[in-house]
1. Just the residues that are over 17 Å from residue 4 (Cβ atoms) and in a helix (DSSP H, G or I), please, taken from segment 25-39.
2. Residue by residue through segment 34-54, note down the ones that are in contact with a helix residue (DSSP H, G or I) (Cβ under 9 Å, 6 or more places away or on another chain) and over 27 Å from residue 131 (Cα atoms).
3. In segment 23-39, what residues are of a type in the set (D, E, K, R) and loosely packed, with under 15 Cβ neighbours inside 10 Å?
4. If you scan segment 40-81, which residues turn out to be aromatic (Phe, Trp, Tyr), more than 15 Å from the chain's Cα centre (by Cα) and open to solvent by 10 Å² or more (accessible area, probe 1.4 Å)?
5. Residue by residue through segment 118-154, note down the ones that are in a helix (DSSP H, G or I) and free of Cβ contacts under 8 Å to residues at least 12 places away in the same chain.
6. Check 87, 8, 102 and return the single one that is part of a strand (DSSP E or B) and open to solvent by 30 Å² or more (accessible area, probe 1.4 Å).
7. State yes or no: is residue 121 exposed (fewer than 15 other Cβ atoms within 10 Å of the Cβ), at pLDDT 95 or above and of a type in the set (S, T, N, Q)?
8. Return the residue satisfying two criteria in turn: it lies in segment 11-24 and is assigned to a strand (DSSP E or B) and under 16 Å from the mean Cα position of the chain (by Cα), and of such residues it is farthest from residue 103 (Cα to Cα).
Amino acid sequence: MTEIFLAVDSLITSKTDLSGKIIYGNDDFTHFSGYSEKEFLYRPHNLIRHPDMPRIAFKLLWDTIQGGGEFFAFVKNLSRYNQTYWVFANITPSYDLNGKIVGYYSVRRCPSKEGVKVLNSVYKQLIEAEKQGGMESSYKLLKGILQEANMSYENLCISLQNQGKLSGWYGA
């Protein structure tokens, strides 16, 4: 598997319906995913999910956005051509005029190198925990990691993206 890197000014955007099916993807989405618009439209967004991503990260994502919250994360994706690429993702609900959630909007940027390094290590541990004891085990491990950092998952990701390093924490 080869790895590709986003340019600093890359801005991957996509929109999904309530079930996570893609209803829009910009040119950067097409470029990095390797899929044409015809190939990705109305397909599940997990089309680009990398097997190295822990399921608990996506459970947190769905719990947050379905509840109307904004979600931030480092995500490892897999292109159609078996190339990996990391992104710093921001996902928000989209609302109709009555305030009802009608879909989701995602913007992905170039991630900080330190954030990728730290979260790659965390994700490996979470996947191992999932293999051993399912998502409950993975959640318990993540909860402990976040307690050690004294912050939420989203705040951890934002800190790693903005500051690049959390001094003295978790291998940073």
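The values are calculated or read from the model by the stated rules, or taken from the named source; none is laboratory data. None of the values given here were measured: they were computed from a predicted structure. Don't worry about glycine lacking a Cβ; one is built from the backbone with ideal geometry, like all the others, and counts go over all protein chains shown. Keep in mind that these areas ignore ligands, DNA and RNA; they rest on the heavy atoms of the full protein, side chains included. Shrake-Rupley method; radii C 1.70, N 1.55, O 1.52, S 1.80 Å.
1. The answer is 37, 38, 39.
2. Within segment 34-54, 34, 35, 36, 37, 39, 40 meet the criteria.
3. Keep residues of segment 23-39 that are of a type in the set (D, E, K, R), which gives 27-28, 37-39.
Answer for segment 23-39, where residues must be of a type in the set (D, E, K, R) and loosely packed, with under 15 Cβ neighbours inside 10 Å: 27, 37, 38, 39.
4. Correct list: 42, 81.
5. Keep residues of segment 118-154 that are in a helix (DSSP H, G or I), which gives 118-149, 153-154.
Those that are in a helix (DSSP H, G or I) and free of Cβ contacts under 8 Å to residues at least 12 places away in the same chain: 128, 131, 132, 133, 134, 136, 137, 140, 143, 144, 146, 147.
6. Within the list 87, 8, 102, the selection yields 102.
7. Details: exposed (fewer than 15 other Cβ atoms within 10 Å of the Cβ): yes; at pLDDT 95 or above: yes; of a type in the set (S, T, N, Q): yes.
Spelling it out, residue 121 is indeed exposed (fewer than 15 other Cβ atoms within 10 Å of the Cβ), at pLDDT 95 or above and of a type in the set (S, T, N, Q).
8. The extreme case among them is 12.
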